[in-house]
Amino acid sequence: MSKIFDIDWRKMTHEEKWTWVFLSTAIIAFIAYCIWLTSQSSSTPLTEIAYVSPMLLAIGSAIISTIFGEILIAATAPKGKKRDARDQEIIKEAEHSGQFLVTIGGMAVVIMAMLKLNHFWIAHTMYLAFVGSAIITSVVKIIYYKKGFYPC
Amino acid sequence: MLKTTQITNSIRALRFANNEMTQADLADRIGMTRQTIIAIEQGKYSPSLEIAFQIARIFRVKLEDVFHYPE
């Protein structure tokens, strides 16, 4: 387990570096949003909180941070190939692992909409599914990079 | 449960036997990154059959001289 968190930036591939940035920004933005939501919930019922702008800000800042991270990684990377067949295989396998949560989240929001639940719960269920999927995909990728990847 | 492999390889020895070819040189010649060569050498990645043949061809040896599978 300790090897997974043995972060040596120089030994990482371009894709592994990007995965760490993606994972970090997704978690930080989600935690920041949760802290804000918790602070609001003490004075206002959850379903009455004006969450749209802060949620868009959290999602938007995570996306922009990831783009800047990608630019920074590319700018500081040594010359040569950035991604190869191993990266492509790891990306494909990891995305397959994380995809199920988006599917479950999608099905859940359809059912919630049919049940006419408050849009607060629908939006948060989908956001949670996206963040969960991003975390699972990233963690699976990092495990493959650290522990080894053996395609069938 | 993570999969593992029983395949081992002699890429490191073959690199040294070929004018101490660097991992970066080998990576360039087969269109992979240096980190992937490191992963293959450490047994952390099983390359495709096509890449395996390319590596063997660079060292001018048979595939079985590069990759080994226990009896």
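Can you say whether A:SER65 is small (Gly, Ala, Ser), within 14 Å of another protein chain (Cβ to nearest Cβ) and either in a helix (DSSP H, G or I) or in contact (Cβ under 8 Å) with a residue 60 or more places away in the chain (or both), as far as the supplied structure shows?
no
Looking at A:SER97, A:SER138, which is the one that is in a helix (DSSP H, G or I), modelled with pLDDT under 95 and surrounded by 15 or more Cβ atoms within 10 Å (Cβ to Cβ)?
A:SER97
Scan the helices (runs of 4 or more DSSP H) fully inside segment B:27-68 and keep the ones with 3 or more residues being more than 12 Å from B:ILE7 (Cβ to Cβ).
By residue number, B:34-41, B:49-58.
What number of residues in segment A:75-113 are within 14 Å of chain B (Cβ to nearest Cβ) and out of contact with any Pro (no Cβ under 6 Å at 6 or more places or on another chain)?
Selection size over segment A:75-113: 18.
Please verify whether A:ILE90 is of a type in the set (A, V, I, L, M, F, W, C) and within 23 Å of the chain's Cα centre (by Cα), treating the condition exactly as stated.
yes
Considering only residues that are surrounded by 14 or more Cβ atoms within 10 Å (Cβ to Cβ) and in contact with a Ser or Thr (Cβ under 9 Å, 6 or more places away or on another chain), which ones fall in segment A:64-89?
Scanning segment A:64-89 gives A:SER65, A:THR66, A:GLY69, A:LYS81, A:LYS82, A:ARG83, A:ASP84, A:ALA85, A:ARG86, A:ASP87, A:GLU89.
Go through (1) surrounded by 12 or more Cβ atoms within 10 Å (Cβ to Cβ); (2) aliphatic (A, V, I, L, M); (3) at pLDDT below 95 and name the single condition B:MET1 misses.
In the conditions (1) surrounded by 12 or more Cβ atoms within 10 Å (Cβ to Cβ); (2) aliphatic (A, V, I, L, M); (3) at pLDDT below 95, B:MET1 misses (1) alone.
With the requirement that a residue be at negative phi and not in a helix (DSSP H, G or I), what does segment A:68-94 give you?
A:ALA77, A:PRO78, A:LYS79, A:LYS81, A:LYS82, A:ARG83, A:ASP84
Could you list, in sequence order, the residues of segment B:31-52 that are over 18 Å from A:PRO78 (Cα atoms), surrounded by 13 or more Cβ atoms within 10 Å (Cβ to Cβ) and either more than 9 Å from chain A (Cβ to nearest Cβ) or over 10 Å from the mean Cα position of the chain (by Cα) (or both)?
B:GLU41, B:LYS44, B:ALA52
The values are calculated or read from the model by the stated rules, or taken from the named source; none is laboratory data. In this text, all values refer to a predicted model and were calculated from it rather than measured experimentally. So basically every Cβ, Gly included, is an ideal-geometry build from the backbone, and we count neighbours across all protein chains shown.
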